Amino acid sequence: MTDRKPRVLATRLFPEDVEKRLCAHFDARLNPQDKLYDGPSLARAAEGFDAIMCAAGDAMNAETIAALPGSIRMIATFSVGYEHVDVAAAARRNIVVSNTPDVLTDATADIAMLCLLGAARRAHEGTTMLRSHSWIGWEPRQLMGVHVTGRRLGILGMGRIGQAMADRARGFRMTIHYSNRSRLPAELEKGAVFHADPEDMLPHCDFLSINAPMTPATRKWVNAERIARLPKGAVVVNTARGGVVDDEALIAALKSSHLFAAGLDVYDGEPKIHPGYYDLQNAFLLPHMGSATVDTRNAMGFKALDNLEAFLLRGQAPPDLVKPS
Ligand code: DGY
């Protein structure tokens, strides 16, 4: 038995208060320059550590996990999404994985609504016109967008964030349609129309919001055929994971005006986004900032620490244990 503090490798520069608590309870190696690790350098850096606190975008794939030193017992990701962690590979090495659900629900749903409104109301074109000094004044035909109030919103993935998005959209008197692996109980459904088959929902979507996780089944789910099933002039919003959308298909539909606009916070292969998006005036683009509020990022960090502390300090299962599917 040793009374040494467990050693935790932090892969990113986390919020200050989070790092303070991390250092108070653990022998932590921080990353003050926020230098990105690739898989091999991460595995090397983990030598002698008990756990890794990582984040979305870190290459915690099967190869990296196979190369981790035997000392690593836990991977705590500072994110609700965990597609960057190969949970099955971790399980094979008896490495426990945790994530940070719940605490970023509201912040992410707020950004989803911002993307919806920004896309529908041509916010990118408006701010660009103003900042480029080319606004010559109010005009009756200027920047006419799509009306949001009272329209139909289809939500793909009615988990916590999808439900929070629906609550916000109800404030705009939108009719909610949704598709989810299972139908929600009436008190959570709140009158939303359930589509067991997401394909059936598409023709009912003036707006389609992607709130489903990235899995092999959702990879490039929003493809050309499915976009064609959306009503002409629909708006697509994605605040979940970029890989759920086939970028080529979305860009083609934005160019052809089959879609009126898209509001995106996440991208396949980010931060290298498909170059086709940059020139599209009808794409309202944000840099993956769904959870970026001070309160939320702190809460995510504290949740990651709750998990690390439970497992490493008290020998308990982390409260947000991620099990292999
Ligand atoms: C998450 O937690 O999965 C987010 O995408 C990071 O903000």
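The values are calculated or read from the model by the stated rules, or taken from the named source; none is laboratory data. Fair warning: this is a prediction, and the values are worked out from it, not measured in the lab. Glycine also receives a Cβ, built like all others from the backbone with ideal geometry; neighbour counts cover every protein chain displayed. Side chains are part of the model used for accessible areas, which takes the heavy atoms of the whole protein and leaves out ligands, DNA and RNA. Shrake-Rupley method; radii C 1.70, N 1.55, O 1.52, S 1.80 Å.
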Take Leu104 and decide whether it is crowded, with 20+ Cβ neighbours inside 10 Å and within 9 Å of the ligand (Cβ to nearest atom). yes
What are the residues in segment 40-66 that are open to solvent by 10 Å² or more (accessible area, probe 1.4 Å), farther than 17 Å from Phe14 by Cβ and in contact with an Asp or Glu (Cβ under 8 Å, 6 or more places away or on another chain), if any? Ala59, Asn61, Ala62
For Cys115, which of the numbered conditions (1) within 16 Å of the ligand (Cβ to nearest atom); (2) out of contact with any strand residue (DSSP E or B) (no Cβ under 6 Å at 6 or more places or on another chain) fails to hold? (2)
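Being part of a loop (DSSP other than H, G, I, E, B), on the phi > 0 side of the Ramachandran plot and out of contact with any Pro (no Cβ under 7 Å at 6 or more places or on another chain): is that true of Lys220 here?
Details: part of a loop (DSSP other than H, G, I, E, B): yes; on the phi > 0 side of the Ramachandran plot: yes; out of contact with any Pro (no Cβ under 7 Å at 6 or more places or on another chain): yes.
It is true that Lys220 is part of a loop (DSSP other than H, G, I, E, B), on the phi > 0 side of the Ramachandran plot and out of contact with any Pro (no Cβ under 7 Å at 6 or more places or on another chain).
Are any residues in segment 43-60 in a loop (DSSP other than H, G, I, E, B), hydrophobic (A, V, I, L, M, F, W, C) and in contact with a helix residue (DSSP H, G or I) (Cβ under 7 Å, 6 or more places away or on another chain), and if so, which ones? Don't jump to the end; show me each part of the working.
Filtering segment 43-60 down to residues in a loop (DSSP other than H, G, I, E, B) leaves 46-50, 55-59.
Now restrict to residues that are hydrophobic (A, V, I, L, M, F, W, C): 46, 49, 55-56, 59.
Matches in segment 43-60: Ala59 only.
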Spans of helices (runs of 4 or more DSSP H) in segment 64-164 with at least 3 residues touching a Gly at 6+ places or on another chain (Cβ under 6 Å) and touching a residue at least 12 places away in the same chain (Cβ under 8 Å): 105-120
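State yes or no: is Leu286 open to solvent by less than 50 Å² (accessible area, probe 1.4 Å), over 30 Å from Asp27 (Cβ atoms), in contact (Cβ under 8 Å) with a residue 12 or more places away in the chain and in contact with a strand residue (DSSP E or B) (Cβ under 9 Å, 6 or more places away or on another chain)? Steps first, please.
Numbers: open to solvent by less than 50 Å² (accessible area, probe 1.4 Å): yes; over 30 Å from Asp27 (Cβ atoms): yes; in contact (Cβ under 8 Å) with a residue 12 or more places away in the chain: yes; in contact with a strand residue (DSSP E or B) (Cβ under 9 Å, 6 or more places away or on another chain): yes.
Answer is yes for this residue.
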Give the residues of segment 85-100 that are near the ligand (Cβ under 9 Å from one of its atoms) and open to solvent by 10 Å² or more (accessible area, probe 1.4 Å), sorted by residue number. Asn99
One residue from Val236, Val244 being touching a Lys or Arg at 6+ places or on another chain (Cβ under 8 Å) and in the same structural domain as Arg151 (by TED's automatic domain parsing): Val244
Taking segment 67-81 and the residues there that are open to solvent by 10 Å² or more (accessible area, probe 1.4 Å) and within 16 Å of the ligand (Cβ to nearest atom), the one that is farthest from Met300 (Cα to Cα) would be Gly81
State whether the residues of segment 232-252 include one that is β-branched (Val, Ile, Thr), under 19 Å from Phe207 (Cβ atoms), part of a loop (DSSP other than H, G, I, E, B) and at pLDDT 95 or above. yes
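Could you say which residue among Gly269, Gly242 is open to solvent by 20 Å² or more (accessible area, probe 1.4 Å), in contact with a Gly (Cβ under 9 Å, 6 or more places away or on another chain) and either over 19 Å from Gly57 (Cα atoms) or within 16 Å of the ligand (Cβ to nearest atom) (or both)? Break it down stepwise before answering.
Details: Gly242 fails: open to solvent by 20 Å² or more (accessible area, probe 1.4 Å).
Of the residues listed, the single one that is open to solvent by 20 Å² or more (accessible area, probe 1.4 Å), in contact with a Gly (Cβ under 9 Å, 6 or more places away or on another chain) and either over 19 Å from Gly57 (Cα atoms) or within 16 Å of the ligand (Cβ to nearest atom) (or both) is Gly269.
Could you list, in sequence order, all residues of segment 9-39 that are in a loop (DSSP other than H, G, I, E, B) and open to solvent by 70 Å² or more (accessible area, probe 1.4 Å)? First the steps, then the outcome.
Residues of segment 9-39 in a loop (DSSP other than H, G, I, E, B): 11-15, 26, 30-38.
The answer is Leu13, Pro32, Gln33, Lys35, Leu36, Asp38.
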When (1) within 13 Å of the ligand (Cβ to nearest atom); (2) closer than 15 Å to Val322 by Cβ are applied to Gly57, the one that fails is (2)
